[in-house]
Structure formats: C-alpha cells, structure tokens
1. How big is region 106-185 on each of its three principal axes, counting only the C-alpha atoms and giving the largest first in Å?
2. Over the chain, with a Gaussian network built from C-alpha contacts below 10 Å, which listed residue (V197, V172, V74) shows the highest mean-square fluctuation?
3. Could you work out the relative contact order of the chain, using alpha carbon pairs under 8 angstrom and six or more residues apart, expressed as a whole percent?
4. Could you compute the FRET efficiency for I92 and F147, with r as their C-beta to C-beta distance and R0 at 35 Å, rounded to 0.05?
5. Go through region 172-189 residue by residue and turn each phi into a ³J(HN,Hα) via Karplus (6.51, -1.76, 1.60, θ = phi - 60°); whole Hz please, and just put x for glycine and proline.
6. Please list, by residue number, every one of the trypsin sites (Lys or Arg not before Pro) in region 95-179 that is coil in DSSP and has at most 12 other beta-carbon atoms within 10 Å.
7. Stretch L84-V172 to full length: gain in nm at 0.36 nm per residue minus the Cα-Cα span?
8. Enumerate the amide H contacts of G150 below 5 Å, restricted to partners 5 or more residues apart or on another chain; note that Pro and chain-start residues carry no placed amide H.
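Every number in this text was worked out from the coordinates using simple rules, so none of it is lab data. For clarity, every value in this text was computed on a predicted model and none was experimentally measured. Neighbour counts are summed over all protein chains in view; Cβ atoms, including those assigned to glycine, are modelled from backbone coordinates with ideal geometry.
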Amino acid sequence: MKIVKQYIIYILGIVILSFGLALNVKSYLGVAPILTMPLSVSEMMNWNFAFTLFLFYILFILLQVPLKGKNFKVFDFMQFPISLVISKLLDIFTGWIWITEEDSILIRLIVLGLAIVLTGIGVAMSVAMKKAPNPADGLAQAIGERFRFGLGTGKNILDLLSIGIAFIISMVYFHYPIGIGIGTVAAGLLVGRVIAVFNRMCKKRLDDMTGISDSRTTISH
C-alpha cells in the first residue's frame, strides 16, 4: 500500500506541476525560466507550444547521458513518458484556462502567484517520491552533479542559460523578448522558496505516509 501511495502522490505532483506551468503561461507576464526556450522556438517555428516543450524535454534527457556518464541508469529513461504526460497535460490545461492578455494586471498577477505556488508544490511532491524527475529537474541535477555544484546551483545555471538563449532567439527573429518578463523573474526566485516551505511543512508527513526514508535527497535552493 505504501508503494501505491507513493505513485498516487507522484502522479498528483506531476498533474499539479503541469497545471502550474499552464497558469504560468496564461498569466502573460513572462513564463518560468525553463519555458522561455521552448516558447521562443514555438513562436519562431509556429509550432504548438506543448509539442515544442516535449521536444525540449527529450533534448534535456539526451543531454543527461554525457553529463551523467555511467551514472545514467535505465530508470532515467522513465523521463520519456513523463515528458509526454506533462506536455499533454500542459496542452489540455492551457486550453481550459480562459485568461487573455486583455485581462487586468491584477487578475494576471493572481494567476502568476498561483502558478508559482502550484509549480513549487508539484515539483516538491514528485521529487519527494524518488521516482523519475521531470526532465528539466533531471538535467539541473545532472549539471549540479557533474560540476559538483549541487542541484540548486545546477537549476540556476540551467535557468540562466534558458533565458539567455531565449533572449537571443527572440531578438534575432522578433526584435523583442518573447515570454520573458516579471513572471520569469518571479518564478526563478520564488519557486525554490515554495519547494523549501513545502518540504519543511509536509516532508515528514509524506515520509510517514509513504515509507520514504528521511535520508532521501531533497531539492535544495
């Protein structure tokens, strides 16, 4: 039963994460750092955003292979179906959320705040169950381990690279930044804080409920 509970919480975390990402996109205040690259490419190529995100997730998984080397295990390939699930859920959720750029700044700020909270909770829940991470966190972890920075610094590096590449693409093809705004900064600064607070408040309860050892590795920011 504890294994069943682990997978229920893991799947719920993935769903919450996907909804948080969808809200982030629909706030129209700038997407989360890791979404800036797929958004700029989707606009440039006129592709569906969720499909473009899926392609980037596949790239993130493949980049983990040389970074992890022998430490890349068969289990890591589970990130492929997770990529498909998150991308599909994101596509569904963005279609459900009826927020537009014409809505008031207050409404969009509320949506952004909710997006940050749900994204942090979703990441914390899914990572806590020690299953396959979403590919973005998997790549951040691989960067941190490869260069001995730790996961938090690895995430910061990946976020900065994503924003930088997205900014270059945007300026070359559109002459203005695509998807980069106050929401990008807010997500980059606050999602990690939400994860930390959630872990402090719920970590032990999740451990007791699912049998996950207290010695598990948690996200540090």
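1. 40, 33, 17
2. Answer for the Gaussian network model of the chain: V74.
3. Computed value for the chain: 36 percent relative contact order.
4. Plugging the Cβ-Cβ distance into 1/(1 + (r/R0)^6) gives 0.45.
5. 5, 9, 10, 6, 7, x, 9, x, 10, x, 4, x, 5, 5, 4, 5, x, 8
6. Answer in residue order: R148.
7. This chain segment gains 28.7 nm when fully extended.
8. Those qualifying (amide H under 5 Å, at least 5 residues apart or on another chain) are E145.
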